[in-house]
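**Student:** Please see the structure below; I have some questions.
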């Protein structure tokens, strides 16, 4: 019985011998899979094969909602190949708000599209809205149609060839405007989810810190704290004063940090980037109460405008009108691009009269 075990023992010992004493067939597909002896003795392996490169000429792209946008991604080989390889591409998306949430709330990347040859598949809210541009060999740029407010974030283009894969990241931002918003019941009535809904009702979404910071750089000064998309509560101050965090404190976007999303209540900072449709002040023979204003827009083949639509028209199309008018949330506002006498402050902006009683008569802004 002992004699039968000796060949097996010898085979086991053979497998444990150093590589220099055994013949091992190394797998290679033309990339990095080289013999470990091809090195400098310091755990560094020399590369002498074909390498896959994935690049993007733009690492940040901005667009407006409702438009089509292209996120560039290209790949090539060094040295160039004489025959084409069969590659696969995968696009992933990490939402903007996921970059700033607490560690326990970090979101995972979501699949946007997977493609190989002429076959492709899209996922989730991107289904039917995305395609690959393929304008030239190696072009795997992602085209997103009918861009939505929630599409912002980081997109990762991953190209796969056998066991080799490389990727590049492109950030998608929206050209738009962040604005403060509060309930007609008064200040500080929204918990986080109420703030989300309030922004959605006005054709907007909760702003990110980056969007609010951009407005602060453009001159936004607002002394009431509001929810942001990442669950923090912040507010932008240009002119330091005692009632807004202290007169001696430097200007900036001030933060209360993360707050309880259900128990704590604040205002909201919303963001809109839509330029689909037209917002206009309705020329009417008489001033209107709120009910009459809604009907007047309907009679004109439109609907009463939302706050986000008015802000977008002001910021993105230059809407300028010195007449106060009703909006769908029962607030009264008017947009000024070119400040002038009798049209409010000396800075451009959307002026707000608050929420007057619905029986008071004003003009109306319609959306078509």
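Here, each number is a calculation from the coordinates, and none is a lab measurement. Keep in mind it's a predicted model, so treat the numbers as computed, not measured. Every residue, glycine as well, gets a Cβ built from its backbone with ideal geometry; the counts of neighbours run over all protein chains shown.
**Student:** Just rank 222, 314, 91, 326, fewest to most, by other beta-carbon atoms within 10 angstrom.
**Tutor:** Ranked by crowding around the Cβ, least crowded first: 222, 314, 91, 326.
**Student:** Quote the FRET efficiency, to the nearest 0.05, computed for residue 108 versus residue 264 with a Förster distance R0 of 22 Å and r equal to the Cβ-Cβ distance.
**Tutor:** 0.25
**Student:** What number does region 51-174 give for Rg over Rh if you use C-alpha atoms and the Kirkwood radius?
**Tutor:** Dividing the radius of gyration by the Kirkwood radius yields 0.98.
**Student:** Here's something else I'd like to know. Determine, for each peptide in 246-258, 136-148, the mean count of other beta carbons within 10 angstrom over its residues, then list the peptides with the highest first.
**Tutor:** In descending order of packing, they fall as 136-148, 246-258.
**Student:** While we're looking at this one, here's another question. Sort 321, 366, 297 so the one with the fewest other Cβ atoms within 10 Å of its own Cβ comes first.
**Tutor:** Placing the least packed residue first, the sequence is 321, 297, 366.
**Student:** With the contact rule set at Cα under 8 Å and sequence spacing of 6 or more, what percent relative contact order holds for region 314-368?
**Tutor:** Averaging sequence separation for qualifying contacts and normalising by length gives 36 percent for region 314-368.
**Student:** Normalised by the number of residues in region 253-339, what is the relative contact order in percent for Cα pairs under 8 Å and 6+ residues apart?
**Tutor:** 26 percent
**Student:** When 127, 287 are ordered from fewest to most other Cβ atoms inside 10 Å of their Cβ, what list results?
**Tutor:** Starting with the residue having the fewest Cβ neighbours, the order is 127, 287.
**Student:** Please report the spacing between the Cα centers of region 292-368 and region 125-166 in Å, no decimals.
**Tutor:** 39 Å
**Student:** Over region 187-272, what is the relative contact order in percent, taking alpha-carbon pairs closer than 8 angstrom and at least six residues apart?
**Tutor:** 41 percent
**Student:** Residues of region 240-266 with the amide nitrogen closer than 14 Å to a label point 7 Å from the Cα of residue 191, along Cα-to-Cβ, please.
**Tutor:** 259-266
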